[in-house]
1. For residue A:365, go through the lysines and keep the ones whose alpha-carbon is under 16 Å away, minus same-chain ones fewer than eight residues off.
2. Using 0.36 nm per residue, how much length does the chain from residue A:387 to residue A:293 gain when fully extended, once their Cα-Cα distance is taken away?
3. Between residue A:40 and residue A:162, what FRET efficiency comes out of the Förster formula 1/(1 + (r/R0)^6) with R0 = 25 Å and r the beta carbon distance, rounded to 0.05?
4. Out of the total accessible area of chain A (probe 1.4 Å, heavy atoms of protein only), what percent is carbon and sulfur?
5. If I model a spin label as a point 7 Å beyond the Cα along the Cα-Cβ vector, how far apart are those points for residue A:67 and residue A:182 in nm?
6. What GluC sites (Glu not before Pro) does the range A:206-315 have in DSSP loop regions with at most 14 other beta carbons within 10 Å?
7. Between beta-carbons, use under 14 Å as the cut-off and find the net charge around residue A:380, counting Lys and Arg +1, Asp and Glu -1.
8. Just to be sure I understand: of the beta bridges DSSP finds with both ends in the range A:38-158, what percent are antiparallel, rounded to 5?
Amino acid sequence: MGISAPRGTQDFYGPYMDAVLELEATMRDLCDDFGFSEIRTPMFERLELFQRGVGETTDIVQKEMYTFTDKSRHAREFALKPEGTAGVVRAYLERKMYAETQPTKLYYITPAFRYEKPQKGRFRQFHQFGIELFGAEGPEADAEVIGLGYQMLQRLGIKDVVLHLNSLGDADSRKKYNEILVGFLKDNEEGLCETCRERMVKNPLRVLDCKIESCQAIIKDAPLMLNHLSQADTAHFEGVKAYLEEMEIPYEVDPWIVRGLDYYTRTVFEFISNDIGAQGTVCGGGRYDGLIEEMGGQPTPGVGFGAGIERLLLTVENAKGQFKARQKVDLFIGAMGETAKVKAMGLANKLRMAGVGTSVDLLGKSVKNQMKYANKIDAKYSFIIGDNELASGQITIKNMETGDSDTIGFDQIADYIKKV
RNA sequence: GUGGAUAUAGCUCAGUUGGUAGUAGCGCCAGAUUGUGGUUCUGGAUGUCGUGGGUUCGAGCCCCAUUAUCCACCCCA
(Lines give C-alpha, C1' and ligand atoms only; values in the text may rest on other atoms or scores of the structure.)
Protein backbone atom coordinates (compact mmCIF):
# COMPACT_ATOMS: atom_id res chain seq x y z
CA MET A 1 0.00 0.00 0.00
CA GLY A 2 1.21 3.47 -0.78
CA ILE A 3 1.36 6.31 1.67
CA SER A 4 -0.55 5.91 4.90
CA ALA A 5 -2.11 8.57 7.10
CA PRO A 6 0.15 10.13 9.71
CA ARG A 7 0.34 8.24 12.97
CA GLY A 8 -2.44 9.01 15.39
CA THR A 9 -4.76 10.50 12.77
CA GLN A 10 -8.06 9.15 11.50
CA ASP A 11 -10.21 9.34 8.40
CA PHE A 12 -13.81 10.04 9.25
CA TYR A 13 -16.30 8.29 6.99
CA GLY A 14 -19.24 5.90 7.04
CA PRO A 15 -21.33 5.36 10.16
CA TYR A 16 -18.68 6.91 12.42
CA MET A 17 -18.79 10.11 10.38
CA ASP A 18 -22.56 10.13 10.71
CA ALA A 19 -22.20 9.78 14.46
CA VAL A 20 -19.79 12.72 14.55
CA LEU A 21 -22.21 14.89 12.60
CA GLU A 22 -25.06 13.93 14.87
CA LEU A 23 -22.98 14.74 17.92
CA GLU A 24 -21.99 18.10 16.50
CA ALA A 25 -25.61 18.91 15.78
CA THR A 26 -26.46 18.04 19.39
CA MET A 27 -23.71 20.38 20.59
CA ARG A 28 -24.97 23.24 18.47
CA ASP A 29 -28.55 22.84 19.68
CA LEU A 30 -27.31 22.64 23.24
CA CYS A 31 -25.28 25.84 22.92
CA ASP A 32 -28.21 27.63 21.33
CA ASP A 33 -30.29 26.69 24.34
CA PHE A 34 -27.67 28.17 26.66
CA GLY A 35 -27.12 31.28 24.57
CA PHE A 36 -23.58 30.49 23.45
CA SER A 37 -22.44 31.34 19.92
CA GLU A 38 -19.92 29.55 17.77
CA ILE A 39 -16.43 30.84 17.12
CA ARG A 40 -13.85 29.44 14.72
CA THR A 41 -10.28 30.46 15.22
CA PRO A 42 -7.28 29.49 13.06
CA MET A 43 -5.83 26.01 13.13
CA PHE A 44 -2.43 27.53 13.86
CA GLU A 45 -1.31 30.52 15.88
CA ARG A 46 1.91 32.17 16.90
CA LEU A 47 3.84 29.81 19.12
CA GLU A 48 4.06 32.42 21.90
CA LEU A 49 0.30 32.40 22.24
CA PHE A 50 0.30 28.83 23.48
CA GLN A 51 3.48 29.27 25.50
CA ARG A 52 1.82 32.06 27.42
CA GLY A 53 -1.71 30.75 27.38
CA VAL A 54 -1.22 27.09 28.15
CA GLY A 55 1.83 27.59 30.35
CA GLU A 56 5.56 27.07 29.91
CA THR A 57 5.77 24.31 32.47
CA THR A 58 3.11 22.10 30.92
CA ASP A 59 3.93 18.96 28.96
CA ILE A 60 1.78 20.28 26.14
CA VAL A 61 4.10 23.22 25.58
CA GLN A 62 7.32 21.47 26.51
CA LYS A 63 7.06 18.43 24.31
CA GLU A 64 3.77 17.95 22.52
CA MET A 65 3.29 20.84 20.13
CA TYR A 66 3.57 20.67 16.37
CA THR A 67 5.64 23.77 15.62
CA PHE A 68 6.91 25.17 12.35
CA THR A 69 8.27 28.28 10.72
CA ASP A 70 6.60 29.67 7.61
CA LYS A 71 8.24 31.22 4.57
CA SER A 72 8.23 34.74 5.93
CA ARG A 73 11.56 36.55 6.29
CA HIS A 74 10.78 37.17 9.92
CA ALA A 75 11.22 33.54 10.81
CA ARG A 76 8.15 33.50 12.95
CA GLU A 77 7.32 30.36 14.82
CA PHE A 78 3.85 28.92 14.69
CA ALA A 79 2.14 25.95 16.25
CA LEU A 80 -0.91 23.88 15.38
CA LYS A 81 -3.41 24.48 18.14
CA PRO A 82 -2.98 21.95 20.96
CA GLU A 83 -6.22 23.05 22.68
CA GLY A 84 -9.01 25.50 22.14
CA THR A 85 -8.91 28.12 24.84
CA ALA A 86 -5.80 30.16 23.94
CA GLY A 87 -7.04 31.00 20.45
CA VAL A 88 -10.47 32.03 21.71
CA VAL A 89 -8.93 34.30 24.34
CA ARG A 90 -6.71 35.85 21.67
CA ALA A 91 -9.75 36.48 19.47
CA TYR A 92 -11.70 37.93 22.40
CA LEU A 93 -8.97 40.50 22.95
CA GLU A 94 -8.03 41.15 19.34
CA ARG A 95 -11.65 41.59 18.23
CA LYS A 96 -12.41 43.67 21.32
CA MET A 97 -15.35 41.52 22.29
CA TYR A 98 -15.00 42.89 25.83
CA ALA A 99 -16.50 46.11 24.46
CA GLU A 100 -19.71 44.30 23.54
CA THR A 101 -22.40 43.37 26.03
CA GLN A 102 -20.94 41.11 28.69
CA PRO A 103 -20.64 38.31 29.44
CA THR A 104 -19.23 36.83 26.23
CA LYS A 105 -20.38 33.25 25.72
CA LEU A 106 -18.61 31.28 23.00
CA TYR A 107 -18.30 27.68 21.88
CA TYR A 108 -16.10 25.90 19.40
CA ILE A 109 -15.76 22.59 17.63
CA THR A 110 -12.22 22.17 16.41
CA PRO A 111 -9.44 19.76 15.64
CA ALA A 112 -6.45 19.97 17.98
CA PHE A 113 -2.97 18.54 17.61
CA ARG A 114 -0.57 17.04 20.10
CA TYR A 115 2.50 14.97 19.43
CA GLU A 116 1.82 12.03 21.74
CA LYS A 117 1.91 8.28 21.50
CA PRO A 118 -1.55 7.19 20.40
CA GLN A 119 -3.67 4.83 22.44
CA LYS A 120 -7.32 4.27 23.15
CA GLY A 121 -9.08 7.63 23.25
CA ARG A 122 -5.90 9.48 22.37
CA PHE A 123 -4.86 10.78 18.97
CA ARG A 124 -2.39 13.21 17.50
CA GLN A 125 -5.20 14.95 15.73
CA PHE A 126 -8.26 14.87 17.93
CA HIS A 127 -11.40 16.95 18.10
CA GLN A 128 -12.70 19.10 20.84
CA PHE A 129 -15.97 20.69 21.66
CA GLY A 130 -15.49 23.47 24.18
CA ILE A 131 -17.09 26.55 25.64
CA GLU A 132 -15.69 29.73 27.16
CA LEU A 133 -17.56 32.25 29.28
CA PHE A 134 -15.75 35.57 29.75
CA GLY A 135 -16.53 38.40 32.11
CA ALA A 136 -18.52 36.68 34.87
CA GLU A 137 -16.78 36.11 38.18
CA GLY A 138 -19.57 34.71 40.36
CA PRO A 139 -20.16 31.00 41.07
CA GLU A 140 -23.30 31.04 38.92
CA ALA A 141 -21.03 31.27 35.86
CA ASP A 142 -19.17 28.13 36.96
CA ALA A 143 -22.50 26.44 37.52
CA GLU A 144 -23.76 27.44 34.09
CA VAL A 145 -20.66 26.03 32.40
CA ILE A 146 -20.81 22.79 34.37
CA GLY A 147 -24.54 22.65 33.74
CA LEU A 148 -23.99 22.85 30.02
CA GLY A 149 -21.46 20.04 30.26
CA TYR A 150 -23.90 17.95 32.24
CA GLN A 151 -26.72 18.49 29.77
CA MET A 152 -24.36 17.62 26.96
CA LEU A 153 -23.84 14.18 28.49
CA GLN A 154 -27.54 13.77 29.15
CA ARG A 155 -28.49 14.67 25.60
CA LEU A 156 -25.92 12.22 24.29
CA GLY A 157 -27.44 9.51 26.46
CA ILE A 158 -24.21 9.03 28.44
CA LYS A 159 -24.81 7.73 31.94
CA ASP A 160 -21.71 6.22 33.51
CA VAL A 161 -19.85 9.47 33.91
CA VAL A 162 -19.05 11.07 37.25
CA LEU A 163 -18.47 14.78 37.83
CA HIS A 164 -15.34 15.41 39.91
CA LEU A 165 -15.13 18.86 41.43
CA ASN A 166 -12.37 20.73 43.20
CA SER A 167 -11.17 24.24 43.96
CA LEU A 168 -7.61 25.41 43.51
CA GLY A 169 -8.12 28.80 45.11
CA ASP A 170 -7.16 32.14 43.63
CA ALA A 171 -3.60 33.22 42.87
CA ASP A 172 -2.92 34.41 46.41
CA SER A 173 -4.17 31.43 48.35
CA ARG A 174 -2.54 29.18 45.78
CA LYS A 175 0.78 30.84 46.48
CA LYS A 176 0.44 30.45 50.23
CA TYR A 177 -0.67 26.86 49.88
CA ASN A 178 2.24 26.14 47.54
CA GLU A 179 4.67 27.08 50.29
CA ILE A 180 2.93 24.79 52.74
CA LEU A 181 2.86 21.97 50.21
CA VAL A 182 6.50 22.38 49.25
CA GLY A 183 7.40 22.31 52.92
CA PHE A 184 5.53 19.06 53.35
CA LEU A 185 7.07 17.52 50.25
CA LYS A 186 10.57 18.50 51.29
CA ASP A 187 10.04 16.73 54.59
CA ASN A 188 9.13 13.59 52.68
CA GLU A 189 11.49 13.98 49.75
CA GLU A 190 13.24 10.60 50.14
CA GLY A 191 10.02 8.72 49.49
CA LEU A 192 9.12 10.52 46.26
CA CYS A 193 9.86 9.37 42.72
CA GLU A 194 12.23 11.29 40.52
CA THR A 195 9.65 13.11 38.44
CA CYS A 196 7.85 14.16 41.61
CA ARG A 197 11.04 15.65 42.98
CA GLU A 198 11.38 17.65 39.79
CA ARG A 199 7.76 18.71 39.88
CA MET A 200 8.11 19.70 43.50
CA VAL A 201 10.22 22.60 42.31
CA LYS A 202 8.51 23.49 39.03
CA ASN A 203 4.85 22.85 39.73
CA PRO A 204 4.30 21.28 43.16
CA LEU A 205 0.55 20.89 42.68
CA ARG A 206 1.20 18.31 40.02
CA VAL A 207 2.86 16.01 42.54
CA LEU A 208 -0.60 15.35 43.95
CA ASP A 209 -1.48 13.75 40.62
CA CYS A 210 1.27 11.12 40.75
CA LYS A 211 -0.05 7.58 40.44
CA ILE A 212 3.04 5.75 41.70
CA GLU A 213 2.16 3.82 44.84
CA SER A 214 5.06 4.96 46.97
CA CYS A 215 4.19 8.56 46.14
CA GLN A 216 0.50 7.96 46.75
CA ALA A 217 1.31 6.77 50.25
CA ILE A 218 2.92 10.11 51.01
CA ILE A 219 0.45 12.23 49.08
CA LYS A 220 -2.56 10.96 50.95
CA ASP A 221 -1.30 12.78 54.04
CA ALA A 222 -0.35 15.92 52.14
CA PRO A 223 -2.07 19.18 53.01
CA LEU A 224 -4.95 19.81 50.63
CA MET A 225 -5.58 23.01 48.75
CA LEU A 226 -9.19 22.59 49.72
CA ASN A 227 -8.26 23.10 53.37
CA HIS A 228 -6.22 26.20 52.64
CA LEU A 229 -8.68 28.26 50.66
CA SER A 230 -9.20 31.91 51.53
CA GLN A 231 -12.62 32.98 52.79
CA ALA A 232 -13.53 34.34 49.38
CA ASP A 233 -12.44 31.11 47.67
CA THR A 234 -14.48 29.05 50.09
CA ALA A 235 -17.52 31.23 49.58
CA HIS A 236 -17.13 30.83 45.82
CA PHE A 237 -16.76 27.06 46.05
CA GLU A 238 -19.75 26.76 48.39
CA GLY A 239 -21.69 28.89 45.92
CA VAL A 240 -20.86 26.57 43.04
CA LYS A 241 -21.94 23.54 45.05
CA ALA A 242 -25.20 25.20 46.06
CA TYR A 243 -26.03 26.00 42.45
CA LEU A 244 -25.20 22.48 41.34
CA GLU A 245 -27.49 21.06 43.99
CA GLU A 246 -30.33 23.31 42.93
CA MET A 247 -29.70 22.27 39.32
CA GLU A 248 -29.77 18.62 40.41
CA ILE A 249 -26.31 17.92 39.10
CA PRO A 250 -24.59 15.18 41.11
CA TYR A 251 -20.90 15.71 41.85
CA GLU A 252 -18.08 14.37 43.95
CA VAL A 253 -15.64 16.69 45.61
CA ASP A 254 -12.26 15.34 44.58
CA PRO A 255 -9.38 17.23 46.17
CA TRP A 256 -6.89 15.42 43.96
CA ILE A 257 -7.89 16.76 40.58
CA VAL A 258 -5.44 19.39 39.58
CA ARG A 259 -5.48 19.58 35.76
CA GLY A 260 -2.38 19.93 33.68
CA LEU A 261 -2.93 23.37 32.23
CA ASP A 262 -1.43 26.19 34.24
CA TYR A 263 -4.19 28.71 33.85
CA TYR A 264 -6.81 27.32 36.20
CA THR A 265 -7.93 29.13 39.36
CA ARG A 266 -10.62 28.23 41.84
CA THR A 267 -13.08 25.79 40.30
CA VAL A 268 -11.74 22.82 38.36
CA PHE A 269 -13.80 19.85 37.25
CA GLU A 270 -13.68 16.71 35.16
CA PHE A 271 -16.36 14.41 33.85
CA ILE A 272 -14.78 10.99 34.08
CA SER A 273 -15.95 7.75 32.50
CA ASN A 274 -14.58 4.45 33.66
CA ASP A 275 -15.52 2.24 30.76
CA ILE A 276 -13.56 3.67 27.86
CA GLY A 277 -10.05 2.63 28.86
CA ALA A 278 -7.38 4.54 30.67
CA GLN A 279 -8.16 7.89 29.07
CA GLY A 280 -11.34 8.38 31.02
CA THR A 281 -11.63 12.15 31.14
CA VAL A 282 -14.34 12.94 28.69
CA CYS A 283 -14.64 16.60 29.53
CA GLY A 284 -12.48 18.83 31.70
CA GLY A 285 -12.35 22.48 32.57
CA GLY A 286 -12.60 25.15 35.17
CA ARG A 287 -12.12 28.81 35.98
CA TYR A 288 -9.17 30.83 34.72
CA ASP A 289 -9.40 34.29 36.19
CA GLY A 290 -5.79 35.20 35.48
CA LEU A 291 -5.53 34.07 31.88
CA ILE A 292 -6.92 37.04 30.01
CA GLU A 293 -4.68 39.43 31.88
CA GLU A 294 -1.76 37.12 31.26
CA MET A 295 -2.51 37.37 27.56
CA GLY A 296 -2.37 41.13 27.64
CA GLY A 297 -5.97 42.11 28.39
CA GLN A 298 -7.61 43.86 31.30
CA PRO A 299 -8.17 41.56 34.29
CA THR A 300 -11.21 39.57 33.20
CA PRO A 301 -12.64 36.40 34.73
CA GLY A 302 -13.28 33.33 32.59
CA VAL A 303 -14.66 29.80 32.89
CA GLY A 304 -14.84 27.02 30.34
CA PHE A 305 -14.27 23.42 29.45
CA GLY A 306 -13.03 21.21 26.65
CA ALA A 307 -14.61 17.89 25.76
CA GLY A 308 -13.00 15.23 23.59
CA ILE A 309 -15.29 14.27 20.72
CA GLU A 310 -13.62 10.89 20.14
CA ARG A 311 -13.91 10.05 23.83
CA LEU A 312 -17.51 11.16 23.99
CA LEU A 313 -18.25 8.90 21.05
CA LEU A 314 -16.58 5.99 22.82
CA THR A 315 -18.99 6.40 25.71
CA VAL A 316 -21.92 6.93 23.35
CA GLU A 317 -21.03 3.70 21.60
CA ASN A 318 -20.87 1.90 24.94
CA ALA A 319 -24.29 3.23 25.84
CA LYS A 320 -26.09 2.78 22.53
CA GLY A 321 -24.18 0.10 20.66
CA GLN A 322 -22.40 0.22 17.32
CA PHE A 323 -22.98 3.22 15.12
CA LYS A 324 -25.34 2.65 12.24
CA ALA A 325 -25.30 4.37 8.89
CA ARG A 326 -27.92 7.02 8.63
CA GLN A 327 -30.56 6.58 5.94
CA LYS A 328 -29.50 8.67 2.99
CA VAL A 329 -32.27 8.42 0.40
CA ASP A 330 -36.03 8.16 0.29
CA LEU A 331 -36.23 6.66 -3.16
CA PHE A 332 -34.37 4.48 -5.63
CA ILE A 333 -35.32 4.66 -9.30
CA GLY A 334 -34.37 1.66 -11.41
CA ALA A 335 -34.39 1.66 -15.19
CA MET A 336 -34.46 -0.82 -18.07
CA GLY A 337 -33.28 0.29 -21.46
CA GLU A 338 -31.74 3.49 -22.75
CA THR A 339 -34.90 5.60 -23.06
CA ALA A 340 -36.02 4.68 -19.57
CA LYS A 341 -32.58 5.44 -18.20
CA VAL A 342 -32.75 8.95 -19.58
CA LYS A 343 -36.26 9.43 -18.22
CA ALA A 344 -35.12 8.14 -14.81
CA MET A 345 -32.37 10.77 -14.65
CA GLY A 346 -34.87 13.50 -15.42
CA LEU A 347 -37.33 12.29 -12.82
CA ALA A 348 -34.61 11.93 -10.21
CA ASN A 349 -33.51 15.47 -10.73
CA LYS A 350 -37.02 16.87 -10.39
CA LEU A 351 -37.66 14.83 -7.26
CA ARG A 352 -34.40 15.96 -5.68
CA MET A 353 -35.37 19.54 -6.40
CA ALA A 354 -38.61 18.83 -4.57
CA GLY A 355 -36.63 17.59 -1.58
CA VAL A 356 -37.00 13.85 -2.13
CA GLY A 357 -33.67 12.11 -1.64
CA THR A 358 -33.21 9.97 -4.74
CA SER A 359 -30.63 7.55 -6.14
CA VAL A 360 -30.52 5.95 -9.57
CA ASP A 361 -28.58 3.07 -11.08
CA LEU A 362 -25.25 4.24 -12.44
CA LEU A 363 -23.76 0.86 -13.31
CA GLY A 364 -26.27 -0.69 -15.72
CA LYS A 365 -27.20 -3.45 -13.30
CA SER A 366 -29.99 -5.92 -14.02
CA VAL A 367 -33.40 -5.13 -12.56
CA LYS A 368 -32.89 -7.71 -9.86
CA ASN A 369 -29.57 -6.27 -8.90
CA GLN A 370 -30.94 -2.78 -9.00
CA MET A 371 -33.47 -3.88 -6.42
CA LYS A 372 -30.72 -5.44 -4.33
CA TYR A 373 -28.90 -2.16 -4.54
CA ALA A 374 -32.02 -0.24 -3.47
CA ASN A 375 -32.18 -2.50 -0.46
CA LYS A 376 -28.49 -2.06 0.33
CA ILE A 377 -28.65 1.71 0.36
CA ASP A 378 -31.70 1.49 2.60
CA ALA A 379 -34.05 3.39 0.30
CA LYS A 380 -37.57 3.72 1.68
CA TYR A 381 -39.24 3.41 -1.72
CA SER A 382 -38.28 2.18 -5.14
CA PHE A 383 -39.72 1.83 -8.58
CA ILE A 384 -38.53 0.55 -11.93
CA ILE A 385 -39.11 2.41 -15.12
CA GLY A 386 -39.19 0.56 -18.45
CA ASP A 387 -41.12 0.51 -21.72
CA ASN A 388 -44.47 -0.18 -19.99
CA GLU A 389 -44.12 2.80 -17.68
CA LEU A 390 -42.94 5.05 -20.46
CA ALA A 391 -46.03 4.12 -22.45
CA SER A 392 -48.58 4.42 -19.63
CA GLY A 393 -47.06 7.28 -17.67
CA GLN A 394 -47.67 5.23 -14.51
CA ILE A 395 -45.16 3.62 -12.19
CA THR A 396 -45.53 0.99 -9.49
CA ILE A 397 -43.91 2.39 -6.40
CA LYS A 398 -42.87 -0.08 -3.77
CA ASN A 399 -42.47 0.42 -0.06
CA MET A 400 -39.22 -1.40 0.66
CA GLU A 401 -40.04 -2.03 4.27
CA THR A 402 -43.52 -3.53 3.90
CA GLY A 403 -43.28 -4.75 0.32
CA ASP A 404 -46.60 -3.03 -0.50
CA SER A 405 -46.92 -1.15 -3.74
CA ASP A 406 -49.16 1.41 -5.44
CA THR A 407 -49.54 2.50 -9.03
CA ILE A 408 -49.31 6.26 -9.54
CA GLY A 409 -48.49 8.79 -12.23
CA PHE A 410 -45.07 10.34 -12.76
CA ASP A 411 -46.16 13.67 -11.33
CA GLN A 412 -47.58 12.19 -8.14
CA ILE A 413 -44.35 10.67 -6.87
CA ALA A 414 -43.11 13.53 -4.71
CA ASP A 415 -46.46 13.98 -2.99
CA TYR A 416 -46.84 10.23 -2.47
CA ILE A 417 -43.52 9.97 -0.69
CA LYS A 418 -43.92 13.13 1.35
CA LYS A 419 -47.40 12.20 2.47
CA VAL A 420 -46.17 9.27 4.47
C1' G B 1 9.91 9.51 25.98
C1' U B 2 9.24 4.10 28.53
C1' G B 3 7.02 -0.81 28.42
C1' G B 4 3.91 -5.05 26.46
C1' A B 5 1.15 -7.38 22.44
C1' U B 6 0.05 -7.80 17.32
C1' A B 7 0.89 -7.45 11.74
C1' U B 8 -1.98 -13.71 6.52
C1' A B 9 -7.98 -11.97 1.31
C1' G B 10 -12.32 -5.71 1.94
C1' C B 11 -13.28 -7.37 7.40
C1' U B 12 -12.75 -11.26 11.54
C1' C B 13 -9.35 -14.97 11.61
C1' A B 14 -7.14 -20.58 10.56
C1' G B 15 -2.41 -22.08 8.98
C1' U B 16 -0.14 -27.99 13.06
C1' U B 17 7.87 -29.92 14.60
C1' G B 18 10.04 -24.43 8.74
C1' G B 19 8.19 -27.90 2.67
C1' U B 20 6.40 -22.46 -1.21
C1' A B 21 -1.79 -20.21 1.75
C1' G B 22 -7.60 -21.50 3.56
C1' U B 23 -14.22 -26.14 1.96
C1' A B 24 -13.44 -20.92 7.26
C1' G B 25 -17.16 -16.98 8.55
C1' C B 26 -18.88 -12.09 7.10
C1' G B 27 -18.69 -8.77 3.00
C1' C B 28 -18.38 -8.01 -2.44
C1' C B 29 -19.85 -9.61 -7.59
C1' A B 30 -22.95 -12.87 -10.39
C1' G B 31 -26.64 -16.85 -11.38
C1' A B 32 -31.31 -19.97 -9.78
C1' U B 33 -36.93 -19.67 -17.17
C1' U B 34 -35.48 -13.68 -20.12
C1' G B 35 -39.04 -6.68 -15.51
C1' U B 36 -38.36 -6.31 -8.81
C1' G B 37 -34.85 -6.48 -2.96
C1' G B 38 -34.55 -8.40 2.12
C1' U B 39 -34.55 -15.53 3.35
C1' U B 40 -32.36 -19.84 0.85
C1' C B 41 -29.20 -22.38 -2.76
C1' U B 42 -25.12 -22.23 -6.40
C1' G B 43 -20.92 -20.10 -8.61
C1' G B 44 -16.98 -16.26 -8.81
C1' A B 45 -13.09 -12.55 -7.81
C1' U B 46 -9.29 -10.80 -4.57
C1' G B 47 -3.36 -12.07 -1.23
C1' U B 48 3.87 -8.84 -3.42
C1' C B 49 1.59 -13.63 4.03
C1' G B 50 3.34 -5.07 6.94
C1' U B 51 8.45 -3.66 4.82
C1' G B 52 13.88 -4.69 4.43
C1' G B 53 17.64 -7.94 5.53
C1' G B 54 19.53 -12.78 7.53
C1' U B 55 19.63 -18.33 8.71
C1' U B 56 18.19 -22.63 5.51
C1' C B 57 18.19 -26.94 -0.09
C1' G B 58 13.54 -24.52 1.30
C1' A B 59 10.27 -19.39 5.78
C1' G B 60 3.70 -17.05 6.71
C1' C B 61 6.09 -19.99 10.49
C1' C B 62 13.20 -19.07 13.15
C1' C B 63 16.70 -14.43 13.88
C1' C B 64 17.68 -8.99 13.28
C1' A B 65 16.04 -4.29 11.84
C1' U B 66 12.17 -1.09 10.41
C1' U B 67 7.20 0.78 10.04
C1' A B 68 2.27 0.64 11.56
C1' U B 69 -1.72 -0.72 14.80
C1' C B 70 -3.58 -1.86 19.67
C1' C B 71 -2.92 -1.49 25.02
C1' A B 72 -0.60 0.52 29.41
C1' C B 73 2.84 4.31 31.76
C1' C B 74 3.47 9.55 31.25
C1' C B 75 0.15 13.42 30.08
C1' C B 76 -4.51 14.88 28.71
C1' A B 77 -9.64 15.63 25.58
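The values are calculated or read from the model by the stated rules, or taken from the named source; none is laboratory data. Quick caveat: nothing in here was measured; it's all calculated off a predicted structure. Positions of Cβ are backbone-derived with ideal geometry, glycine not excepted, and every protein chain shown enters the neighbour counts. Remember, those area values only see protein heavy atoms, side chains included, never the ligands or the DNA or RNA. Shrake-Rupley method; radii C 1.70, N 1.55, O 1.52, S 1.80 Å.
1. A:341, A:376
2. Residue separation times 0.36 nm, minus the Cα-Cα distance, leaves 26.3 nm.
3. Computed FRET efficiency for residue A:162 and residue A:40 comes out at 0.20.
4. Result for chain A: 49 percent of the exposed heavy-atom area is carbon or sulfur.
5. Calculated label separation equals 2.6 nm.
6. Passing both the DSSP loop test and the Cβ count: A:248.
7. Within the 14 Å Cβ shell, the charges total +1.
8. Restricted to the range A:38-158, the bridges split so that about 95 percent are antiparallel.
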